[in-house]
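Asker: Quick one: structure below, then a few questions.
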Amino acid sequence: MNRSTLGSTIRSLRLEHHLTQSALAEKLHITDKAVSKWERDLSCPDISLFPRLAELLGVTVDDLLKTLPFDGQSSKLMKTYNLSQDIRTPIHVILGCAELAELHADDREHLLRYLSSIRVSAEYLLKTIGHIQSDTPKSTEHHASPETLDAYLRVHAASSVSELQKISAGYDFTGKRFLIAEDLMVNQEIAREILKEAGAETACAENGSVCISMLEEAPAGTYDLILMDLGMPVMDGFDATRKIRQMSDPQKSSIPIIALTANVEKPDRTAAFDAGMDAFVEKPLNIIGLFSAIRNCLEKA
């Protein structure tokens, strides 16, 4: 990219994509005035808007950050953006284990396990925040990585299954098969156990590209619904959904797709629905909310 500033980059790419300032502002859920200020380099987009802005302009987040006027600012913003992804993982673990701890309040063994998971995750979260504040590189010597947390929680995931029997009593997905697109193994396993208790069969894909391949290779009607994580490597949930909706087989292209994500802001919901998704379920998963969304989508289909 040979554009000198972020503002001129945004303007040039906006025009290349035949977008007016109003159209871009509407898609980002901001004011026309904000876009105008960006393009005149009077202000900079909030870091949370960079992923959606990059998607609309057909570039990467890094492409946009490289055009910022100060090298230090670009580097710090990119680091903050990347670290924010790490923050979500321990938060999911903390909230999920807190819910499970409530369910097992009378079982000391289970309770101690969940409290231990919460402690490890909280320590990781504090260290991550500390690295953001000090602008220092992360050290792997004294804290767990997201992968470590993923493996740690996998050990305890099955112990919560018995509690699901009470919650899932009002839902029956027997005979249904769901495709779960999720890159973290612990999230795959928890989702599979939850759905198993309601009678459903499941298959998993580690990213959007694999999800599309599995759907294309299977006979029409193999899968009744897709649970689609939005933030996956290789191909995210947005792109995967758009490609599914363009499939030539009408049964496959119209399959219900439920977005799974920790991003709960209105722009994220709007982007999910714009991509062609049918429902939106927040992480960590609320079992009743998930089952309700699945049932509604199946009834509509």
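Rule-based calculations on the coordinates, nothing more; no lab input. Treat the numbers as computed from the prediction; the structure is a model and nothing was measured. Note that each Cβ is placed from the backbone with ideal geometry, even for glycine, and that neighbours are counted across all protein chains shown.
Asker: For C204, C97, C211, what's the fewest-to-most ordering of other Cβ within 10 Å of each Cβ? Could you put the intermediate results ahead of the total?
Answerer: Values: C204 20, C97 23, C211 30.
Ranked by crowding around the Cβ, least crowded first: C204, C97, C211.
Asker: Taking other Cβ within 10 Å of each residue's Cβ, how do S4, S248, S43 sort, fewest first? Let's see the in-between values first.
Answerer: Numbers: S4 11, S248 6, S43 14.
Ranked by crowding around the Cβ, least crowded first: S248, S4, S43.
Asker: Neighbouring Cβ atoms within 10 Å as the yardstick, rank H18, H110 fewest first. All intermediate terms of the calculation are to be shown ahead of the outcome.
Answerer: Details: H18 7, H110 18.
The most exposed by this proxy come first: H18, H110.
Asker: Which loop-located GluC sites (Glu not before Pro) does region 173-242 contain, where loop means any DSSP state but H, G, I, E or B and the Cβ has at most 14 other Cβ atoms within 10 Å? It would help to have the intermediate numbers written out before the result.
Answerer: Working: sites: E182, E189, E193, E197, E201, E206, E216, E217; in loops: E182, E206.
Here no loop site has a sparse enough neighbourhood.
Asker: Now, a different point. Does region 171-300 come out rounded, prolate or oblate, given a ≥ b ≥ c as the square roots of the eigenvalues of its C-alpha gyration tensor, rounded meaning a/c under 1.5 and, failing that, prolate meaning a/b above b/c?
Answerer: Details: a/c = 1.29, a/b = 1.04, b/c = 1.23.
Rounded shape, in that the Cα axes give a/c under 1.5.
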